[in-house]
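Here the structure comes first, spelled out in structure tokens, and everything after it is commentary.
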Amino acid sequence: MNLFVHSLTALDASYWCAERGLVGASWQVDVELDGELGEDGMLFDFGEVKPWAKRQIDATLDHTLIVPTQMPGLSVSECAEGLCVRTQLPWPMEVRAPRQAFTLLPWSTIEPQRLSRYLGEQLGKRPPPRVGEVRVQLREEPIAPGFGYTYSHGLKHHAGNCQRIAHGHRSRLGIWRDGELDEALIQRWCARLADIYLADRADLVGSEEDESLRFAYESLQGQFRIRLPRERVVLMPFTTTVEQIAHWLAEETALAHGGRIRVQAFEGIGKGATAEAKR
């Protein structure tokens, strides 16, 4: 017997790519369970599927930096914070964080289909009673080219896993100017925010004029540090919550183009914030 749940939850993370660098990602998670029916005529109660699967996903890939440890130019070592990940391709970056902030995979590239199989294997290690096999499919939300943005960040004040310094999202963006959807503005911002790191200026260590920018903070899970090229960073004057991102985008757009600006900024799939500004 097969039991399936489509769009069971969403998974938000970042991964390292030799071509794109630090990539924010969001996937819908579909789950299939194979097994034998019980005396109650059920394989597994639907009311229990979601919390069971979500607990497993939260403990694996979700809100981590997914690292292909066999990628050329990449190294992983122990450090005072926990683990240190360094890489040179396509540009130099260093992340120091507690071990739970990383998912280390012995691969040369990160691919959704392979991640799907990996996640299914992880869920299958502790299956519910009567479940013999677990399969997972990760799906990106359909977003027209130029109308989605990808970013990584960390929220030091967050009580959960969002405090990890290099997790990210793939998100929709909507911008209206004087009540009309402005596709040119959307595409302009999405190009600027493609595979970007959004940082709180308060976490900057050193000068923002340095070629490499360093950020550090301490939160409930431990100490976090990241270093990356200045051109891969957007400095914001506040913490990088989606509420503040929407506010910042609205203010910057109104300042540059005038008019009444409304921004709908998503954080991953199906959630986000709306802000308005006028100049």
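The values are calculated or read from the model by the stated rules, or taken from the named source; none is laboratory data. Since we're looking at a predicted model, the values are computed, not measured. Please note: Cβ atoms are built from the backbone with ideal geometry, for glycine as well, and neighbour counts cover all protein chains shown. What goes into the accessible areas is simple: the full protein's heavy atoms, side chains included, and nothing from ligands, DNA or RNA. Shrake-Rupley method; radii C 1.70, N 1.55, O 1.52, S 1.80 Å.
The local environment of A25, defined by Cβ-Cβ distances under 13 Å, has a net charge of -4 under the rule Lys, Arg +1 and Asp, Glu -1.
Between E121 and H257, the modelled label-to-label distance comes to 4.6 nm, taking each label 7 Å out from Cα in the direction of the beta carbon. Heavy-atom accessible area, probed at 1.4 angstrom with all protein chains present, ranks K156, K125 as K125, K156, highest first.
Using the Cα gyration tensor of the stretch 208-279, with a ≥ b ≥ c the square roots of its eigenvalues, what is the shape: rounded (a/c below 1.5), prolate (a/b larger than b/c) or oblate (neither)? List each step's numbers first, then the result.
Working: a/c = 2.83, a/b = 1.55, b/c = 1.82.
Since a/c reaches 1.5 but b/c is at least a/b, the shape of the stretch 208-279 is classed as oblate.
Using the Cα atoms as the points, what is the convex hull volume per residue of the stretch 86-226 in Å³? Before the final figure, lay out each step's value.
Working: hull volume 27.5 nm³, N = 141.
It comes to 195 Å³ per residue, whole-number rounded.
Given only helices, namely DSSP H runs of n ≥ 4 each adding -39500 (n - 2.57), what is the per-residue ellipticity at 222 nm of the chain, to the nearest 500 deg cm²/dmol?
Values: 4 runs with 52 residues, N = 279.
Value at 222 nm, helices only, nearest 500: -6000 deg cm²/dmol.
A 1.4 Å probe run over the chain, with the rest of the protein chains in place, finds 47 Å² accessible per residue. For the chain, taking a cut-off of 4.7 Å between Cβ atoms, the unpaired cysteines are C17, C162, C190.
In this structure, the residue pairs whose Cα-Cα separation is over 24 Å, taken from K50/K271; K125/K156; K54/K271, are K125/K156.
Hydropathy at least -1.0 by Kyte-Doolittle, axial extent at least 20 angstrom from the Cα trace: which helices of the chain, defined as entire DSSP H runs, fit?
Numbers: long enough: 242-257 (22 Å, 0.09).
Qualifying helices: 242-257.
Altogether, the Stokes-Einstein calculation at 25 °C and 0.890 mPa s, with the Kirkwood radius of the stretch 151-278 over Cα pairs as Rh, returns a diffusion coefficient of 161 µm²/s. Length gained on full extension, E183 to E32, computed as 0.36 nm times the residue gap minus the Cα-Cα distance: 50.6 nm.
Taking every alpha-carbon pair within the chain, the share separated by more than 24 Å comes to 53 percent.
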